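Each value in this text was obtained by applying a stated rule to the coordinates, not by laboratory testing. Please read all numbers here as calculations on a predicted model, not as lab measurements. Quick reminder, even Gly has a Cβ in these numbers, built from the backbone with ideal geometry, and neighbours come from all protein chains shown.
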Amino acid sequence: MSTPGSPVTLDLHDIQGNIVKAYSRYDYSHARYVLFEITDGQAGRGFIATLAERVTTSAPWGRGSTEERPESTLNVALTFAGLRMLGLPQASLLTFSPEFATGMRGRGAILGDDGPSGPERWDPVWRKPHRIHVLITINGVSRDAIETAYAFVTDITGRYRAGVRCLTGHRDPEGRNDMPYQAASAIEIDGKPTPKEHFGYTDGIGNPYFKGTGEHPENVLGGGKVTRRDATTRAGWEPLETGEFLLGYKDEAQEFPEAPMPPLLGRNGTYMVYRKLHQNVGSFNRYLDAVGTEYPGGKEALAAKFAGRWRNGAPVTTFPTEAEAEAFAQQWMAAKLKIQQTPKGPAREEAKAAFAQLNAKFVAFDYSKDLPGAGCPVGAHIRRTNPRGSLEFGEAFAFDTRGALTNRRRILRRGLPYGSVVDPQDDTGEHGIVFMALGANIRRQFEFVQQQWVNYGNDFRLGNDRDPIIGNHGTTPEGKGDGRMTIEAEPGGGRPPFLCGGMPRFVETRGGEYFFVPSITALRLIGEGMVDPT
Amino acid sequence: MPNIAGKAFAMNLITPIERWQAAFNKIQFWAIRQPILSFSLRGLVTLSMIHYARWAIVQPTEWPRLDESQPKEKLHYAYQLFFSNFNGSWAQYVDSFSVAIPSGLNLLWFRNVGWPKAVPEQPFHRYVEHNEVWTSHYYSAYPMAASNDVKSAQRVKQALTSFASRTKDMEAAAFEQAYNELLNELQADLSQMAPTPIVSLANAAVEERMRQDAEAGDEQDSGRAPAMMGGSHAE
Ligand code: HEM
């Protein structure tokens with residue numbers, strides 16, 4: 001019943017690289033995020049025009065391509081206030097989406113940024129949203145690469161200092177709160193970057209797969225939208241329409257997403273949500289330690305039930321016990337090693353195929369055999385944020401397509417951890433995730449997921465229960481956390497579900513804003529002051 | 001406008017339809033309620049954000065008048081009245097409908113004047129907006145409950161009552177076993193219930209102003225003008 005639609009060819013040279021590429025997957029394990037205020041339109045436009053020539057695009061790198069993978073990448077995003085300072089005509093400004101124009105702080109009540117997540121607690125730089133105009137994100141393969149790119153940015157900022165100022169006021173691990181940038185980098189273990197975040201989970205596994213990116217077709221497994229076929233096979237998945245993630249292309253509703261005018265301003269661009277999320281590592285570890293002793297499967301199993309993945313990344317719906325998850329991880333490592341050890345030739349291709357098959361198990365699954373949640377709880381983080389067709393609640397063909405309630409709520413996740421955990425029992429200090437979510441519609445995608453699926457539960461028939469890990473749990477009058485979660489048991493059988501209570505807020509907002517990520521063409525238009533919607 | 005009460009959002013949609021076409025729709029409304037065809041409503045039932053939904057045809061002569069002094073209106077069309085209460089915001093609801101059961105919507109509305117089809121979504125949004133009658137008064141008896149909460153509460157109450165009488169004289173071990181079985185049976189009904197998340201910032205701002213006005217009014221002990229005035233009336 002799905003509508004395959006037609007293939008899409010994208011002009012990848014016109015699209016900023018962070019939209020199509022998750023840089024951290026290409027070994028860019030360091031990043032620096034820098035904010036700017038524009039006080040003079042002309043200087044600001046010069047700044048943007050200069051940056052446009054250096055911006056990293058989505059053009060493919062490496063084999064079969066003319067482009068070499070650069071040491072560092074540079075991308076530019078603009079706020080609504082920034083677009084106004086850059087002199088966009090009012091007629092154009094009014095065509096941007098209302099939530100983007102309002103900004104993250106104004107949408108705080110929707111996002112659940114209350115109590116310890118409130119703007120009073122944000123890094124100083126994020127507390128003056130009217131001054132935040134431009135965001136430059138730099139990713140690098142090494143610290144040196146970051147320094148070089150940062151020096152370039154500082155240099156052109158100097159050149160346009162008549163009207164462009166780098167904003168200070170980011171907190172850093174040394175306790176300063178006036179830093180000129182936010183640093184972020186992959187967590188290193190034994191000196192090697194890893195895909196871990198500060199609660200110890202492997203992150204960055206699941207991401208949407210959409211038409212036209214040139215990504216390997218196998219990646220549609222788990223990344224696309226579910227069909228009615230077996231989710232462990234290619235037939236179980238179809239690519240999402242491009243317009244869910246890029247303006248100017250047809251979306252899942254078979255139309256062009258609402259986009260700014262003139263069309264060249266919007267096309268090949270998208271919106272981006274930036275959130276600095278602090279992780280209360282001490283509270284999280286204490287909770288797991290305490291409740292983990294009562295939970296039948298123990299502490300690691302409890303952590304897996306929270307996330308929907310074991311800390312090694314194995315999905316708990318497919319690998320319900322720790323032993324199975326461990327065995328899978330070892331098979332996977334062995335298969336990976338085998339590729340490295342096999343000389344080129346048919347044997348190596350075979351090893352690669354075997355590895356790909358194992359690797360797919362991380363993503364090629366759904367919850368159709370696990371509807372009551374005895375494997376992956378209905379309220380687990382990854383099941384909430386991507387229910388993969390389970391919202392049909394097993395009523396096959398209740399909806400015209402199985403993924404109906406999911407397909408328009410997908411987000412491209414980017415970003416990296418920041419800071420480091422010095423004492424695993426301590427909440428304070430600088431450690432968390434710089435979370436970025438890209439999509440064609442902030443309200444329908446990110447805000448919906450954040451409000452309805454993370455901080456509420458009615459769509460899952462879970463009442464007001466929130467996401468165990470990132471929900472904005474409150475406090476009871478006795479000062480305890482008020483977060484709850486049901487960890488379902490096998491229905492029938494007579495075993496009780498495990499009820500977690502007293503969860504405090506494990507994740508708190510420390511800043512953020514809504515941005516527009518223009519195409520290269522749009523950056524030039526803006527830089528040259530040529531935007532004219534008539 | 002109080003389209004929102006507690007966890008519910010009210011939508012009244014009145015769409016014109018040629019009189020002779022309306023007859024077909026009447027038959028269709030009747031047909032889908034017959035048990036044998038009830039599968040066609042499964043999508044609606046599975047969309048558990050919906051609290052309540054009802055379709056009816058109002059003939060040109062059937063519109064009520066306040067009293068005899070109100071002149072009769074001369075109407076060209078019959079009207080299809082769609083009345084729905086749901087959890088969440090307008091956009092969330094309209095989007096979910098359009099994406100989950102577009103063929104069902106097309107079936108129920110394709111005879112209506114100006115129906116654009118349920119997909120693409122933007123023309124569908126405009127059609128709904130154009131034909132929607134804003135609610136003037138809206139009341140919720142259970143402001144903290146969505147229909148899922150009510151259904152769960154009913155199941156828990158029933159199971160608990162029967163459990164209490166069943167286990168009155170049980171030994172501790174048997175009781176524990178029975179209790180665990182009860183929890184297992186009710187595991188999908190044990191979530192907490194709390195006020196709704198903010199559905200719209202505009203609505204939250206109105207509520208906040210009303211609260212402040214009420215407080216100020218209490219202090220001055222003077223009557224407050226009804227906060228909601230104007231708007232069209234559905235009756
Ligand atoms: C500090 C905050 C957060 C932590 C520690 C965290 C952790 C994780 C982990 C461990 C995974 C599993 C790995 C993977 O599938 O890639 C994951 C997946 C995911 N998270 Fe988060 N997350 C955080 C914030 C958020 C936020 C704010 C959102 C959106 C509102 C979000 C949405 C998602 C989505 C969509 C997935 C992929 C689900 C799937 O496709 O199966 N996360 N997260």
Equivalent-ellipsoid semi-axes (√(5λ), Cα gyration tensor) for the range B:4-131, whole Å, largest first?
25, 18, 16
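In the structure displayed, which of B:Lys74/B:Lys117; A:Lys305/A:Lys361; B:Lys117/B:Lys151; B:Lys7/B:Lys117; A:Lys299/B:Lys151 lie more than 26 Å apart, Cα to Cα?
On the way: B:Lys74/B:Lys117 29 Å; A:Lys305/A:Lys361 18 Å; B:Lys117/B:Lys151 33 Å; B:Lys7/B:Lys117 29 Å; A:Lys299/B:Lys151 33 Å.
From the list (B:Lys74/B:Lys117; A:Lys305/A:Lys361; B:Lys117/B:Lys151; B:Lys7/B:Lys117; A:Lys299/B:Lys151), the Cα-Cα distance tops 26 Å for B:Lys74/B:Lys117; B:Lys117/B:Lys151; B:Lys7/B:Lys117; A:Lys299/B:Lys151.
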Dipole of the range B:4-131, positive end: most advanced residue of B:Ser69, B:His125, B:Pro35 [Cβ charges, Cα centre]
B:Pro35
Calculated from backbone phi, Karplus (6.51, -1.76, 1.60) coupling profile of the range A:525-532 in Hz, x at Gly/Pro:
4, 5, x, 8, x, 9, 5, 8
Karplus ³J(HN,Hα) for the range A:471-479 (6.51 cos²θ - 1.76 cosθ + 1.60, θ = phi - 60°; Hz, whole; x = Gly/Pro) runs x, 8, 4, x, 10, 7, x, 7, x
Run the quick spin-label model on A:Arg161 and A:Thr95: label points 7 Å from Cα toward the beta carbon, then report their separation in nm to one decimal.
3.8 nm
With the dipole of chain A defined by +1 on each Lys or Arg Cβ and -1 on each Asp or Glu Cβ, the option from A:Thr428, A:Ala374, A:Gly62 whose Cα lies farthest towards the positive pole is A:Gly62
For the range A:165-212, listing GluC sites (Glu not before Pro) in a DSSP loop whose Cβ sees at most 11 other Cβ atoms within 10 Å gives A:Glu174
Taking a ≥ b ≥ c as the square roots of the eigenvalues of the Cα gyration tensor, with a/c under 1.5 meaning rounded and otherwise prolate when a/b exceeds b/c and oblate if not, the range B:147-189 is oblate
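What does the C-alpha gyration tensor say about the overall shape of the range A:201-248? Classify as rounded when a/c is under 1.5, otherwise prolate if a/b is larger than b/c, or oblate.
Numbers: a/c = 1.87, a/b = 1.18, b/c = 1.58.
Judged from the Cα gyration tensor, the range A:201-248 comes out oblate (a/c at least 1.5, b/c at or above a/b).
Identify the GluC sites (Glu not before Pro) of the range B:148-210 meeting these criteria: DSSP loop state and at most 12 other C-beta atoms within 10 Å of the C-beta.
On the way: sites: B:Glu171, B:Glu176, B:Glu181, B:Glu185, B:Glu207, B:Glu208; in loops: B:Glu171.
Of the GluC sites (Glu not before Pro), the ones in loops of the range B:148-210 whose Cβ has at most 12 other Cβ atoms within 10 Å are B:Glu171.
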For A:Lys192, list the lysines whose Cα falls under 18 Å from its own Cα; do not include residues on the same chain fewer than 8 positions away.
A:Lys336
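Take the Cα pairs of the range A:445-534, get the Kirkwood Rh, then feed it into Stokes-Einstein at 10 °C and 1.306 mPa s and tell me D in µm²/s. Please list the in-between numbers first.
On the way: Rh = 16.8 Å.
Using the Kirkwood radius from Cα pairs, D works out to 95 µm²/s.
Give, rounded to the nearest 20 debye, the magnitude of the charge dipole that the range A:309-458 has about its Cα centre when Lys and Arg contribute +1 at Cβ and Asp and Glu contribute -1 at Cβ. Write out the running numbers ahead of the final one.
On the way: 20 positive and 15 negative charges, 144 e Å.
I would put it at about 680 debye.
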Once amide H atoms are built 1.01 Å from N in the peptide plane, which residues 5 or more positions from B:Gln192, or in another chain, come under 5 Å H to H?
A:Asn464, A:Asp465
Would you compute the Debye intensity of the protein assembly as shown from its alpha-carbon atoms alone, equal scatterers and no solvent, and pass along log10 I(q)/I(0) at q = 0.09, 0.10 Å⁻¹ to two decimals?
-0.92, -1.14
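On average, how many beta carbons from a partner chain sit within 10 Å of the beta carbon of a residue in B:177-184? Write out the running numbers ahead of the final one.
Working: counts 1, 1, 1, 6, 5, 2, 8, 10.
The mean count of partner-chain Cβ atoms within 10 Å per residue comes to 4.
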Which distance in Å, rounded to a whole number, links the C-alpha centroids of the range A:442-513 and the range A:356-384?
18 Å
Options B:Thr161, B:Val150, B:Ala173, ranked by Cα towards positive dipole end of the range B:147-189, top entry (Cβ charges)
B:Val150
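Just to confirm the filter: which GluC sites (Glu not before Pro) across the range A:209-303 are DSSP coil and have at most 12 other Cβ within 10 angstrom of their Cβ?
Numbers: sites: A:Glu215, A:Glu218, A:Glu241, A:Glu244, A:Glu252, A:Glu255, A:Glu258, A:Glu294, A:Glu300; in loops: A:Glu215, A:Glu241, A:Glu252, A:Glu255, A:Glu258, A:Glu294.
Counting only loop positions with at most 12 other Cβ atoms within 10 Å, the GluC sites (Glu not before Pro) in the range A:209-303 are A:Glu294.
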Assuming R0 = 22 Å, what is the FRET efficiency of A:Arg286 and A:Arg127, from their Cβ-Cβ distance, to the nearest 0.05?
0.15
Provide the gained length on full extension for the span A:Ala356 to A:Asp11, in nm with one decimal, where the gain is 0.36 nm per separating residue minus the Cα-Cα distance.
121.3 nm
